[in-house]
Amino acid sequence: MQRALEDFCRQIDHARSADAIWVIADRFCRGLGFDWTLYGYGGHRNRSNDAFAFAGSWSSYPVEWMKHYLEQGYQDYDDGVRHCVGCGPSLAPHLTGIDLSPTDRDPRALLITAETTEFGMRSGVALPMRWHGRHRIAGFGLASRLPGPEFQKILAEHGPILRMAMTYAHTRIQVLLEVSAPFSISLTERERVCLQYAADGLLNKTIAVRLNLSAKAVAHLLDHARKKLAAANTTHAVAKAIALGAIDL
């Protein structure tokens, strides 16, 4: 799967538009076993509530479902959207679907689950994303015809590479969207080198030996870089640094 990720990143690097990146991301997700993909970005409608306003999105979900979804304003109480908007810094994925969602929820959220099942989307997962530019909140929604237990097996097998690939796609899309206000990040040389070694698969203690530092110092540098990149963890930080051209794959 490492080769698949490298090929994916190369294709993203050669893409010249956000539309082209979306097509590559959707194809990648289908290759992992997901039937439908959605990527949306935007922000809060106002500071007094968590209502989300889409600034833009791409979707391979059934057209009739998306039309109905937007007409009904389902984004205001969709569990997946709510999770992407209100999740903590861990940016943990959120499972959805008739077999995976709890039943003691907002009746409107239960209605969405029932209706998505009627359209064939039995299981799903929401992957929250963040950005420091105009569109601070984003996320991917992946859906499948598979029942919950089988869907969870796909996530268990491909979850880490899926997160890294979608973070890369998200970052590249947002970079292209920020042409009027380019995004820049200021990493120190040691932070960049630590991230590069982490991208190469080295453990903190090995990085420490190479840089003649303590493992604690390396962890500190990686944590500083993670915060600058608004990343959930080192893997997330590496993906964003690669997408921004700060380090090499």
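The values are calculated or read from the model by the stated rules, or taken from the named source; none is laboratory data. Note that this is a predicted model, so its numbers are computed, not measured. For neighbour counting, all protein chains shown are included, and Cβ atoms are generated from backbone atoms with ideal geometry for every residue, glycine included.
In region 93-112, the residues that are at positive phi and in the same structural domain as residue 123 (by TED's automatic domain parsing) form Cβ pairs under 8 Å with partners that are modelled with pLDDT of 90 or more and among the basic types (Lys, Arg), at six or more places apart or across chains, as follows: 97/122. Restricting 156, 169 to residues that are crowded, with 18+ Cβ neighbours inside 10 Å and either in the same structural domain as residue 18 (by TED's automatic domain parsing) or over 25 Å from residue 57 (Cα atoms) (or both) narrows the list to 169.
Conditions (1) surrounded by 21 or more Cβ atoms within 10 Å (Cβ to Cβ); (2) β-branched (Val, Ile, Thr); (3) more than 18 Å from the chain's Cα centre (by Cα); (4) closer than 25 Å to residue 17 by Cα, marked per residue:
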{"position": "194", "(1), (2), (3), (4)": "yes, no, yes, no"}
{"position": "200", "(1), (2), (3), (4)": "no, no, yes, no"}
{"position": "209", "(1), (2), (3), (4)": "no, yes, yes, no"}
{"position": "215", "(1), (2), (3), (4)": "no, no, yes, no"}
{"position": "237", "(1), (2), (3), (4)": "yes, no, no, yes"}
{"position": "241", "(1), (2), (3), (4)": "yes, no, no, yes"}
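Residue-wise test of (1) closer than 29 Å to residue 227 by Cβ; (2) not charged (D, E, K, R).
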| site | (1), (2) |
| --- | --- |
| 3 | no, no |
| 8 | yes, yes |
| 41 | yes, yes |
| 61 | no, yes |
| 74 | no, yes |
| 83 | yes, yes |
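Taking each residue of region 50-61 that is modelled with pLDDT of 85 or more and looking for partners that are surrounded by fewer than 18 Cβ atoms within 10 Å (Cβ to Cβ) and not in a strand (DSSP E or B) with beta-carbon atoms closer than 7 Å, six or more apart or interchain, yields 59/66. Using the structure shown, decide if residue 136 is surrounded by 15 or more Cβ atoms within 10 Å (Cβ to Cβ) and modelled with pLDDT under 90. For residue 136, the condition - surrounded by 15 or more Cβ atoms within 10 Å (Cβ to Cβ) and modelled with pLDDT under 90 - is met.
If I ask for residues that are buried (at least 16 other Cβ atoms within 10 Å of the Cβ) and free of Cβ contacts under 8 Å to residues at least 60 places away in the same chain, which ones from region 82-92 would you list?
Within region 82-92, 82, 83, 84, 85, 87 meet the criteria.
Sub-9 Å Cβ pairs linking a first residue in region 14-32 that is outside the structural domain of residue 164 (by TED's automatic domain parsing) to a second residue that is part of a loop (DSSP other than H, G, I, E, B) and buried (at least 17 other Cβ atoms within 10 Å of the Cβ), at least 6 apart or interchain, number zero.
Looking at region 1-19 only, could you name the residues that are more than 24 Å from residue 124 (Cα to Cα) and of a type in the set (Gly, Ala, Ser)? Within region 1-19, 15, 17 qualify. Does residue 83 satisfy the criteria of being in contact with a His (Cβ under 6 Å, 6 or more places away or on another chain) and more than 29 Å from residue 13 (Cβ to Cβ)? Yes: the conditions hold for residue 83.
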